[in-house]
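The values are calculated or read from the model by the stated rules, or taken from the named source; none is laboratory data. All of these numbers come straight from a predicted model, not from anything done at the bench. Here the Cβ positions follow ideal geometry from the backbone for every residue, glycine too, while neighbour counts run over all protein chains shown.
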């Protein structure tokens, strides 16, 4: 299947001066975002919320996620600190990714078992609800609306509503990000690999099968080199001719859980044009959820566990900045004025 993409722009790359650093996430049970290390709350203690994605447009800050209100769950987005409901709360909904084009606001996610997206608050279904589905990444380039997700355990992407299916592999996983490059549509994720076994073993459990980190270009699978470690890819950015993919593998130190099982700590990996680089040292579990590239600088956002709890961290060219030390994590990063 060949798809020609004429536009090379990537919303995960920014070749100008990045200016301010914005990262969305949670801090001590509160959802919000940090601007240059200062946290701004989007919900109060009476209404639990989750923030999954952050984007900038001019002086406005857009975020999207999930809000619990009066025991009801809504897919929502925020413009600055004003919340807008995308669903009516009758069934669970969540906003997983957003894109801004001009004055139009695009959010993708799910409502119940239906993968969908919203344009300026108006919902458009991508699936019919027969199988569990969700849309986890959206990009808008020119007149093209590109969305990735899963339906019934199979990876899919949509271009202006037309569905394309990734060749199904039992146990495959489509990561939380996609990109549009000169050659087409890139998705990232993992597929099972029976030659890799994890050391995790608790009681009578058998060791689990490992996974290979992969990306798909127009549906064609490509494997990312990572030795014999179990790995998966979560996010992707394209800058010029370079392709940056991030994820995790289990190449960290051997650890023990409270039930007596053993496992290897997860290490954040960055693949630049397929070559892996370790971002964390493997002494604690670390996770990455977002990547942005600006010129020669690479920004990652995620979290790392420690004896003090879960820490919200972003990395610039591998150097960490800790934003909060306990009960915190980052889900998305954006650069702008």
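Quick look at the values:
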quantity: Which numbered condition residue 83 misses (of (1) under 17 Å from the mean Cα position of the chain (by Cα); (2) farther than 26 Å from residue 159 by Cβ); calculated: (1)
quantity: Selected residue (criterion: modelled with the highest pLDDT) from residues of segment 210-250 that are more than 20 Å from the chain's Cα centre (by Cα), in a loop (DSSP other than H, G, I, E, B) and surrounded by 16 or more Cβ atoms within 10 Å (Cβ to Cβ); calculated: 229
quantity: Criterion (modelled with pLDDT under 85 and in a strand (DSSP E or B)) met by exactly one of 207, 199, 194; calculated: 194
quantity: Yes/no for residue 305 being in a strand (DSSP E or B) and at pLDDT 95 or above; calculated: no
quantity: Matching residues in segment 261-273 - criterion: being at pLDDT below 95 and surrounded by fewer than 15 Cβ atoms within 10 Å (Cβ to Cβ); calculated: 261, 262
quantity: Lone unmet requirement of (1) assigned to a strand (DSSP E or B); (2) free of Cβ contacts under 8 Å to residues at least 12 places away in the same chain for residue 258; calculated: (1)
quantity: Counted residues, segment 308-319 - those being in contact (Cβ under 8 Å) with a residue 12 or more places away in the chain, surrounded by fewer than 20 Cβ atoms within 10 Å (Cβ to Cβ) and in a strand (DSSP E or B); calculated: 3
